[in-house]
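The next block holds one structure in the form of structure tokens; read it before the comments.
The values are calculated or read from the model by the stated rules, or taken from the named source; none is laboratory data. Quick caveat, the model's predicted, so the values are computed rather than measured. A quick note on method: Cβ atoms are made from the backbone with ideal geometry, for glycine too, and the neighbour counts reach across all protein chains shown. Note: accessible area is taken over every heavy atom of the protein model, side chains too, but ligands, DNA and RNA are not part of it. Shrake-Rupley method; radii C 1.70, N 1.55, O 1.52, S 1.80 Å.
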Amino acid sequence: MGEAFGRWRIGDTDDTSLMGFISSANIAAGFHAGDPNLMDETVRLAVTHGVGVGAHPGYNDLQGFGRRKIDGTARELVNDIIYQVGAIREFARRHGTRLQHIKPHGALYMEMAVNPELARIFVDYMRAAVPDTPVFCMGGSATYTAALEAGQPAIREFYADRDYNDTGSIVFTRDAGRPDPTAIASKVLRACRQGKVRTVSGNDIDIAFESVCFHSDTLGALDIVRTMRETLVANGIRIAPVSDIIGLKSTRGEQS
């Protein structure tokens, strides 16, 4: 959310239309998209709708929307993350809420998933600065492994509007086109009920997750989220902020 800059907008759906359908928002923090006024507006909008506020730091790549890899040391990249998280956290404080989670964006998310050093230094920062704040990541990724080893809360994601390969990783694309909302809703419902997803090779793999992710810049995002939510609710699946899920797991003595 908040993935614009000044007068520049991406996608065909306004955040105001989407916010009422979601439970947690990944808010752009200024490097791949976002600016101070937009961050303030998006955090305020999330608070108004009771949506959990998450920082969405990315590569310093406005032109490429954070979907191009930038070389740098792990420490340099984590310092960029710290800078961006601080911005979202301060706007959250301004609007009387706390930072619910942190989720790296785009190519930075994908790099951290396969870069143990970057994942470890990032999680070390979280243990020092926000030890109770979950990181959003893919199950089986270096990020998830580093979080588990350090005792940092972690929320595994299922990608509604992206395809999977046979290793359980998402297939990276810069143009997802205009997906069929009904097909996406069926895919998500099956993942929730059966823990399975069909890959681009036509195989079924197991998938474990606590959160469903979709992208506001995907064409038809409003139809996608509306259809997904209606389908899940109609099938008895409750949608709640991650902070509620973490609390539920704690009372049951379960790990994220």
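For the stretch 128-160 and the stretch 35-49, write down the distance between their C-alpha centroids in whole Å.
If we compute the Cα centre of each part, the gap is 25 Å.
Accessible area per residue, 1.4 Å probe, Å², for the stretch 31-117: what's the number?
The answer is 44 Å² per residue.
Determine the share of the stretch 78-213's accessible area contributed by carbon and sulfur atoms, expressed in whole percent, with a 1.4 angstrom probe.
For the stretch 78-213, the apolar C and S fraction of the accessible surface comes to 46 percent.
Report Rg(Cα)/(2.2 N^0.38 Å) for the chain, keeping two decimals.
In units of the globular-protein estimate, the chain measures up at 0.94.
Rg and Dmax of the stretch 45-186, using alpha carbons, in Å: what are they?
Values for the stretch 45-186 (Cα only, Rg and Dmax): 15.5, 44 Å.
With a/c under 1.5 counting as rounded, go ahead and sort the stretch 1-62 into rounded, prolate or oblate using the C-alpha gyration tensor (a ≥ b ≥ c being the square roots of the eigenvalues; past the cut-off, prolate if a/b is larger than b/c, else oblate).
Cα axes put the stretch 1-62 in the prolate bin.
Let me know the whole percent of all Cα-Cα pairs from the stretch 104-256 that are separated by more than 26 Å.
The answer is 28 percent, as a whole percent.
Return the distance in nm (one decimal) between the two label points of a simple spin-label model at PHE172 and SER17, each offset 7 Å from Cα along Cα→Cβ.
It is 3.0 nm.
Would you kindly give the portion of the calculated P(r) for the stretch 17-112 that falls above 16 Å, as a percent of all Cα pairs?
Looking at the stretch 17-112, the distances longer than 16 Å represent 51 percent of pairs.
Computing the accessible area with a 1.4 Å probe over protein heavy atoms, can you report the carbon and sulfur percentage for the stretch 1-40?
Details: 840 of 1680 Å².
Roughly 50 percent of what the probe reaches on the stretch 1-40 is carbon or sulfur.
Over the stretch 121-181, give the accessible area per residue in Å² for a 1.4 Å probe, as an integer.
Each residue of the stretch 121-181 exposes 42 Å² on average to a 1.4 Å probe.
Would you calculate a helix-derived [θ] at 222 nm for the chain, using -39,500 (n - 2.57) for each DSSP H run of n ≥ 4 and dividing by the full residue count, to the nearest 500?
About -13500 deg cm²/dmol.
For the chain, set up a GNM with springs between Cα atoms under 10 Å and report which of LEU232, LEU222, LEU118 has the largest fluctuation.
Sorting by GNM fluctuation, first place goes to LEU232.
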